[in-house]
Structures are given as C-alpha cells and as structure tokens.
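Structure first, then comments.
Computed from the coordinates by the stated procedures, all read-outs in this text should not be read as laboratory data. Source: prediction; values computed, not measured. Cβ atoms come from the backbone with ideal geometry, glycine included; neighbour counts cover every protein chain shown.
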Amino acid sequence: MVGVVSQALAAGPLDDRRENTLNVDPDDEVWKEQGYEMPGAPDPASYVGFFVNATSTGEFFIDRSHLSIGEDGIVRYVLIVRSPSGAESATFEGIRCDTRERRLYASWHAKGGWAPLKNSNWQRMGQSAYNRPRAVLAEDYFCDGNAPPRDRKAALIRLEGGAEYTDPRNRMP
C-alpha cells in the first residue's frame with residue numbers, strides 16, 4: 001500500500017484531463033473549450049419539452065433554435081424551466097458528454113438579455129433535483145455514452161421523439 005501511494009506521489013500532480021475525465025486516454029492532447037457566442041432570445045415557438053421525472057413540479061424545455069454541438073464536443077443549449085404558476089427561467093448551458101459535466105454560461109433576463117454567470121465552471125452532474133434535468137438531457141437525449149451526438153439533427157430527433165430514436169425508458173407516446 002505504501003509503495004502504491006509512493007508511486008502515485010512520484011508521478012506528480014494530476015492535470016485536468018486526467019482528474020476530470022471518464023474513459024479518456026491521458027496521453028491525448030489536452031482538451032480546450034472553444035469559443036462560443038451567446039444565443040439570441042429564447043423563442044417559445046421553438047420550445048420542445050422533455051420529461052424529467054414524475055415528481056418534478058415544473059415543465060422543462062429546450063429551445064431547438066439554440067441547440068448546437070461544438071467542435072470541442074460540447075452540446076450547448078438553452079434550457080427553459082416553467083413553474084406551475086407559469087413563470088419561466090432560461091439558462092444558456094453546456095454538457096460535456098465525455099466527462100459527465102455541465103456548465104451554466106448565462107441566465108436570461110427579459111429586460112436585459114443574457115447575463116453571463118460570474119462562476120461559470122465545469123461541474124460534475126449529480127442526481128440532485130437541480131441537476132436532474134441536465135442529467136436526463138445527457139443520459140437520454142444528448143450523449144451517446146461518453147460521446148456527443150453525431151450532429152444537431154440527431155439530438156433534435158431524440159428530443160422530438162423521432163422515428164430514429166427509441167426512448168430508453170419507454171416514456172414517450
């Protein structure tokens with residue numbers, strides 16, 4: 001046991017690519033997030049709903065007009081949460097399939113547009129109530145295991161319950 005710890009310490013500190021990734025070859029080039037632009041305003045005509053779980057009291061939507069898959073493998077989207085009273089909040093977010101991480105880039109304010117978040121860092125997705133919609137998006141719609149969808153069309157087919165997609169939990173009509 002002491003020998004294993006000594007070997008680990010001798011190897012030096014872990015870098016980001018080894019510490020925060022799943023099934024990623026540590027000899028691969030260090031991953032870097034590419035630049036991105038803030039999306040336009042959320043468009044209710046482009047909302048597509050998705051099921052989170054039976055205990056969720058709100059409704060959840062993705063604005064299909066702002067869904068993209070970057071060359072860096074990040075699935076970027078606008079998430080809309082509608083409360084039972086009808087109030088809506090929107091956030092611009094990203095999911096990194098290979099590490100099961102999520103990032104909130106900005107929140108929407110109707111009078112001021114997108115407000116970038118000060119602490120916008122990649123964080124592991126857990127199963128908390130707050131993270132559950134993001135975990136569902138990753139597990140059921142956006143990620144092919146640890147890889148992002150082939151393209152935007154593939155992600156939209158899944159979200160919209162298209163013929164090429166079989167719901168893994170048989171929840172869609």
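Extents of the range 61-124, largest first, come to 36, 25, 20 Å (Cα atoms, principal axes, whole angstrom). Under the combined filter of DSSP loop state and at most 10 neighbouring Cβ atoms within 10 Å, the range 55-162 retains these GluC sites (Glu not before Pro): GLU71.
Restricting attention to the range 79-144, which trypsin sites (Lys or Arg not before Pro) occupy a DSSP loop and are surrounded by at most 13 other Cβ atoms within 10 Å?
Of the trypsin sites (Lys or Arg not before Pro), the ones in loops of the range 79-144 whose Cβ has at most 13 other Cβ atoms within 10 Å are LYS111, LYS118.
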